[in-house]
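Reviewing the structure listed below.
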Amino acid sequence: MLTIKGLSKNFGSIEALSDISFKAEQGDIISILGPNGAGKTTLIRILSGILSPSKGEILFDGVEISRNRVDVLRQIGYIAENSPMYGDMNGYEFIKYSAALHQIPKPQFNTRLEVLSTGLELKDILHRRISELSKGYRHRLGIASALIHNPKVLIMDEPSEGLDPNQKHIFQKFIKDFAAKGIVLMSTHILEDVSALSSRILLINQGKLIQDTTSTRFRYQMPEHDLAAVFRNLTLRSPSKEK
Amino acid sequence: MTSLTTIVFKKELQDYFKGLMSCFIFAVYVGITLITTFYFGSFLDTNNTSLESFFRFQPEILAMIIPAVCMHLWTDEYRLGTIEFIMSQPVSYTSLVTGKFFAAFVFSLLMLFLTLPLVFFSSFYLDMDGGRIASGYLGCVLVVLSFCGICCAVSALSSRPIVTYLMSFFTIWGLMYFNLTPILQKAFGLQYLPSGSFMQQYINFISGQINIGSVLYFVLLTLLGLWINTEALKAQRV
């Protein structure tokens, strides 16, 4: 279980996140929604160990991430926005490097690679240089490298940005399969993904968590049951008014 | 080295040999070394049994080359955005820093290795002073070690390769001529460090004097660089 307690982050005098608390359990697909600059990426980066919080705690199965960074990161798979990778490696080398950093034994690596390359339809491009791959393939390669160690939590920043409908379909199917045995947290502003995937929605505005609800309840806040209308309605109001 | 350090080390060392960059760096280093040794050092006109003409210019040459060897180490991670990938992996900062540092150090040693034919061919014509040559090479290895440590640290401070190169270059030149010994003595509480600047410590080696204090001087500079590098990475999280 992932528990976030009173998480705040300041960059100098700017408060990027303020007192964020929530819990996530196995089977949850949580979308972190919010307008640009709301603090979604900051939250994702803190959860994936890239940034440290100014205040608050992140507990994974009761273990605090800042005190046991390396141990907790073994349980987390992270896909950054635009899937940054080493362009001069090929897909196989990149996934292998990621597996090596997670100290995955070779037989387990081969099995996982087979599962992931089949599920994400990567077999044909595994030995091509990353710099020659399209955005969709790079993205799926990023998912494969994030899942090679079979993590319990998958964290993604803007995961389906720039994917065509076929690639989106593969991606969504894969995420649903993964969520059956893990936790998925994704930051997005693509409402189509939210409605197709999410079991829960965290809405952040100006660094504050203004809603933590199921996707159905979120949708039914407006008479037309339209996600976009609810999103606009909530984010155009100030967080203080929401309370 | 821990296994994770070894993984990072292997990846970084392989990166040096992708493309022609390594050949270019080797060629520039050997070219400048030959010019300084034979032209400025008048190698053929003097009785170079200890290869003094070769060793005399090495710190200045390495001060130009090592920043180029190290500049991509962290700078490229920032530039390509892969810093997010590497920082989200279950690897300690120490493993990341030492893995990259050792890759740069081993690459630089290979570069230094290319100068051995000079010793080999000179030995046909001259009665070489093996002890002083070994001591000179030890001095060069220690210079490479400390320069790599410092340049790794500087490369963690910028995302622009050219800025990294220039910052490393000027930092090294500053260190070469600024007497750091009193600061190191104070910082580490080591009163037995021999007095003298970086260049004076190096000159001890090319004169055939190996003293443990001078070795410690270069090792401390390296450790200082690696510590700054680790702290710079930790600061990224704040």
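The values are calculated or read from the model by the stated rules, or taken from the named source; none is laboratory data. Just so it is clear, the structure is predicted and the values come from calculations on it, not from any experiment. FYI the Cβ positions are ideal-geometry reconstructions off the backbone, even for glycines, and counts take in every protein chain you see. Just so you know, the surface numbers come from the protein's heavy atoms only, side chains and all, with ligands and any DNA or RNA stripped out. Shrake-Rupley method; radii C 1.70, N 1.55, O 1.52, S 1.80 Å.
Taking all protein chains into account, the per residue accessible area for chain B stands at 43 Å² (1.4 Å probe). Partner shielding of A:71-78 amounts to 2, given as the average count of beta-carbon atoms from other chains within 10 Å of each residue beta-carbon. One chain, two ends: B:S92 and B:A187. Fully extended at 0.36 nm per residue, the span grows by 31.7 nm beyond their Cα-Cα distance. Karplus-based coupling profile of the range A:68-77, in residue order and whole Hz: 10, 3, 5, 5, 5, 5, 5, 9, 10, x, with θ = phi - 60° in 6.51 cos²θ - 1.76 cosθ + 1.60 and x standing for Gly or Pro.
In this simple spin-label model, placing a label point 7 Å from the Cα along the Cα-to-Cβ direction at both A:R74 and B:M64 gives a separation of 4.9 nm. Scoring B:226-234, A:28-36 by mean Cβ neighbours within 10 Å over their residues and listing the highest first yields A:28-36, B:226-234. Only the Cβ atoms of Lys and Arg (+1) and of Asp and Glu (-1) were treated as charged; on that basis the dipole of chain A about its Cα centre amounts to roughly 320 debye. Take B:38-50, A:43-55 and order them by the average number of nearby Cβ atoms within 10 Å per residue, most first; the result is A:43-55, B:38-50. Using θ = phi - 60° in the Karplus curve 6.51 cos²θ - 1.76 cosθ + 1.60, the 3J(HN,Hα) couplings for the range B:128-145 round to 6, 8, x, x, 5, 5, 4, 5, x, 5, 4, x, 4, 4, 5, 5, 4, 4 Hz; x is entered for Gly and Pro. In the context of the full set of protein chains, residues of chain A present 43 Å² of accessible surface per residue (probe radius 1.4 Å, heavy atoms only). Proximity of backbone amide H atoms, modeled 1.01 Å from N, is registered between A:Q211 and A:L203 at under 5 Å, excluding neighbours fewer than 5 places apart on the same chain.
Using a Förster distance of 30 angstrom, determine the FRET efficiency expected from the C-beta separation of A:K173 and A:K5, and round it to 0.05. Efficiency, from the Cβ-Cβ distance: 0.35.
A full extension of the chain between B:S207 and B:K234 corresponds to an added length of 5.6 nm, given 0.36 nm per residue minus the alpha carbon distance.
Ignoring ligands, DNA and RNA, what percent of the accessible area of chain A is carbon or sulfur (1.4 Å)?
47
Inter-chain neighbour count for A:96-106: the average number of beta-carbon atoms from partner chains within 10 Å of each residue's beta-carbon is 4. Applying the Karplus relation 6.51 cos²θ - 1.76 cosθ + 1.60 with θ = phi - 60° to the range A:154-160 yields 3J(HN,Hα) values of 10, 10, 9, 10, 6, x, 10 Hz, where x marks Gly and Pro. With a Förster radius of 35 Å applied to the beta-carbon distance between A:R232 and A:Y92, the computed FRET efficiency rounds to 0.20.
Computed over chain B with a Gaussian network model linking Cα atoms closer than 10 Å, the most mobile of B:G189, B:G131, B:G208 is B:G189.
Cross-link reach is defined here as a Cα-Cα straight distance under 19 Å, omitting same-chain residues fewer than 8 places apart; for B:K18 the lysines meeting it are A:K96, B:K10, B:K100. Once C-alpha pairs closer than 8 Å and six or more residues apart are averaged by separation and normalised to the residue number of the range B:3-236, the relative contact order reads 27 percent. Farthest towards the positive end of the charge dipole of the range B:3-236, among the residues B:P90, B:L109, B:W227, is the Cα of B:P90, using unit charges on the Cβ of Lys, Arg, Asp and Glu. Unpaired cysteine residues in chain B (no second Cys Cβ under 4.7 Å): B:C23, B:C140, B:C148, B:C152. Under the convention that each Lys and Arg Cβ holds +1 and each Asp and Glu Cβ holds -1, the size of the dipole of the range B:3-236 around its Cα centre is about 400 debye. Helical runs assigned H by DSSP (4 residues or longer) give the protein assembly as shown a calculated mean residue ellipticity at 222 nm of -17000 deg cm²/dmol, each run adding -39500 (n - 2.57) before division by the residue total.
If you roll a 1.4 Å probe over the range B:91-238 with all protein chains in place, what percent of the accessible area is carbon or sulfur?
Carbon plus sulfur share of accessible area: 71 percent.
The gain in end-to-end length when the B:Q14 to B:L116 segment is fully stretched comes to 34.4 nm, 0.36 nm per residue minus the alpha carbon separation. Interface burial in the range A:48-65, defined as at least 20 Å² less accessible area with all protein chains than with the chain alone at a 1.4 Å probe, covers A:I50, A:L51, A:S52. Which lysines does A:K55 reach when only Cα atoms under 19 Å apart count, and residues fewer than 8 places away in its own chain are ignored? Output for A:K55: A:K5, A:K9, A:K23, A:K40, A:K208, B:K234. Expressed to the nearest 5 percent, the antiparallel share of DSSP beta bridges inside chain A is 55 percent. Peptide B:88-101 has a mean shielding of 4, counted as Cβ atoms of other protein chains within 10 Å of each residue's Cβ. Using the alpha-carbon centroid of each, what span in Å lies between the range B:88-146 and the range B:1-78? For the range B:88-146 versus the range B:1-78, the Cα centre distance is 9 Å. Close amide H partners of A:G56, meaning residues 5 or more places away or on another chain with modelled amide H under 5 Å apart, are A:S8. For A:K173, the lysines whose Cα falls under 16 Å of its own Cα, not counting residues fewer than eight places away in the same chain, are A:K181. The charge dipole of the range A:113-171, taken about the Cα centre with unit charges on the Cβ atoms of Lys, Arg (+1) and Asp, Glu (-1), comes to about 120 debye, rounded to the nearest 20.
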